[in-house]
1. Using the Cβ atoms and a cut-off under 15 Å, what net charge is assigned to the surroundings of Ala9, where Lys and Arg are +1 and Asp and Glu are -1?
2. Across the stretch 70-79, in residue order, what do the Karplus-derived ³J(HN,Hα) couplings come to in whole Hz, using 6.51 cos²θ - 1.76 cosθ + 1.60 with θ = phi - 60° and x for Gly and Pro?
3. In whole Hz, with x marking every Gly and Pro, tabulate ³J(HN,Hα) for the stretch 49-63 from phi via Karplus 6.51 cos²θ - 1.76 cosθ + 1.60, θ = phi - 60°.
4. Just grab the label-to-label distance for Phe73 and Thr29, each label 7 Å out from Cα along the Cβ direction, in nm (one decimal).
5. Along the Cα→Cβ direction, 7 angstrom out, place labels at Leu64 and Leu11. What is the inter-label distance in nm?
6. Ranking request for peptides 42-52, 63-73: highest mean number of other beta-carbon atoms within 10 Å first, then the rest in descending order.
Amino acid sequence: MTSVALIIAGLTLLAVKPPATHILDKLSTLRSPFNTSVVGAPQLIKGAEELNGLDIILLGLVVLIATPVAMIFTNLLYFIHQRNYLT
């Protein structure tokens, strides 16, 4: 739910405060040169603080991907704590 809210907030910010048109043109193509592998966590946090729509959308996607990973890790710790082993 948080990830959806972040993505919607980012889209809203893009509509209200759009970046330069050449950036939107690059992002809207199928072969976009926008490389998310070079965007680090500090840039996402800084961009979110500056209300940058693209960074908030990417932060929402990171939260969306991290949620199931965190649940698996949490459940693993819970099973270890409960000594609930598969036999």
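1. So the environment of Ala9 carries a net charge of -2.
2. Residue by residue, the stretch 70-79 yields 5, 5, 5, 4, 5, 5, 4, 4, 5, 5 Hz.
3. Coupling constants for the stretch 49-63: 5, 8, 6, 7, x, 5, 5, 5, 4, 5, 4, x, 5, 5, 4 Hz.
4. 3.7 nm
5. Between Leu64 and Leu11, the simple spin-label model gives 1.0 nm.
6. Per-residue Cβ counts within 10 Å, averaged per peptide and sorted highest first, yield 42-52, 63-73.
Coordinate-derived values only; no laboratory data. None of these values were measured; they are calculated from a predicted model. Don't worry about glycine lacking a Cβ; one is built from the backbone with ideal geometry, like all the others, and counts go over all protein chains shown.
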